[in-house]
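Worksheet for the structure shown next.
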Amino acid sequence: ERANVDLVAINAAGCGSAMKEYGHLLRDDPAWAARADAFSRKVRDVSEVLAQLGPARATRHPVHARVAYHDACHLAHAQGVRKQPRDLLAEIPGVTLVPVAEPDVCCGSAGIFNLTQPEMASQLGHRKAANLSAAEPRLVVTSNPGCLLQIQAAAREQDCDYKVLHLVQVLDASISGRPI
């Protein structure tokens, strides 16, 4: 059965990247090509959806924090989504976005890279955690669960003093007024 929806919002950058490719991946399959293409055109990262809605939809309570945003490779490189997450964070009163050295360097999660190449993934994770720590954030925000787990693990091993959260968790805290 087909769902009649206008869009499919995804909160995991790796999954969204793959789902946006279904039309291309199945283009030569007569049974699936048209449906896959129609589906792919409806897939949006949650940051794309929320940025399009605008901040007037819900009151934002302050989150007083220095925030470093980590671009998930599957979101920034594969989907070309970089601006929307930062715009959403910038709309939260009290948030100060801080730049991070080597922002385009992968955290080492990269889908299953951390499982197939654990040593290299660990090195990348530690490099990313150190670069994030140097920016002195209270919060590190990302849009992919794999990145979140990879950065958390590396930060724990290096005794970094920041909390790692998904973008939606920070937006939820701001909208609900709950402390982070």
Extended-chain gain in nm, criterion 0.36 nm per residue less alpha-carbon gap, Leu149 and Asp172:
6.3 nm
In whole Å, how far is the Cα centre of the stretch 1-55 from that of the stretch 95-151?
26
Positive-end residue, the chain charge dipole about Cα centroid, Cβ charges, pick of Asn4, Gln79, Pro93:
Pro93
Note down the net charge around Lys163, summing +1 for each Lys or Arg and -1 for each Asp or Glu among other residues with Cβ under 15 Å from its Cβ.
0
Counting only protein heavy atoms with a 1.4 Å probe and every protein chain in place, the carbon and sulfur fraction of the accessible surface of the stretch 1-152 in whole percent equals 55
Given the rule -39500 (n - 2.57) for each run of at least 4 DSSP H residues, summed and divided by the residues of the chain, what is its mean residue ellipticity at 222 nm, to the nearest 500 deg cm²/dmol?
-13000 deg cm²/dmol
Charges at C-beta only: +1 for Lys and Arg, -1 for Asp and Glu. How large is the resulting dipole of the stretch 11-88 about its Cα centre, in Debye rounded to 20?
380
Across 10 Å bins from 0, what is the distribution of all Cα-Cα pair distances for the chain, in whole percents?
10, 34, 33, 17, 6, 0
The chain: most fluctuating residue of Ala135, Ala34, Ala153 per GNM, C-alpha cutoff 10 Å
Ala34
Cβ-Cβ FRET estimate between Ala33 and Ala134, R0 fixed at 30 Å, reported to 0.05:
0.05
If every Lys and Arg gets +1 and every Asp and Glu gets -1 at its Cβ, then about the Cα centre the stretch 24-180 yields a dipole, in debye to the nearest 20, of 480
GNM, the chain, Cα, under 10 Å: largest mean-square fluctuation among Gly111, Gly14, Gly125?
Gly111
Farthest toward the dipole's positive end in the stretch 42-172, which of Val140, Tyr162, Gly54, given Cβ charges of +1 (Lys, Arg) and -1 (Asp, Glu) about the Cα centre?
Gly54
Based on C-alpha coordinates, I'd like the Rg and Dmax of the stretch 1-94, in Å.
16.0, 53
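The values are calculated or read from the model by the stated rules, or taken from the named source; none is laboratory data. For clarity, every value in this text was computed on a predicted model and none was experimentally measured. Ideal geometry is used to build each Cβ from the backbone, glycine not excepted, and the neighbour counts take in all protein chains shown. Each accessible area value is taken on the protein alone, full model and side chains, heavy atoms only, with ligands, DNA and RNA left out. Shrake-Rupley method; radii C 1.70, N 1.55, O 1.52, S 1.80 Å.
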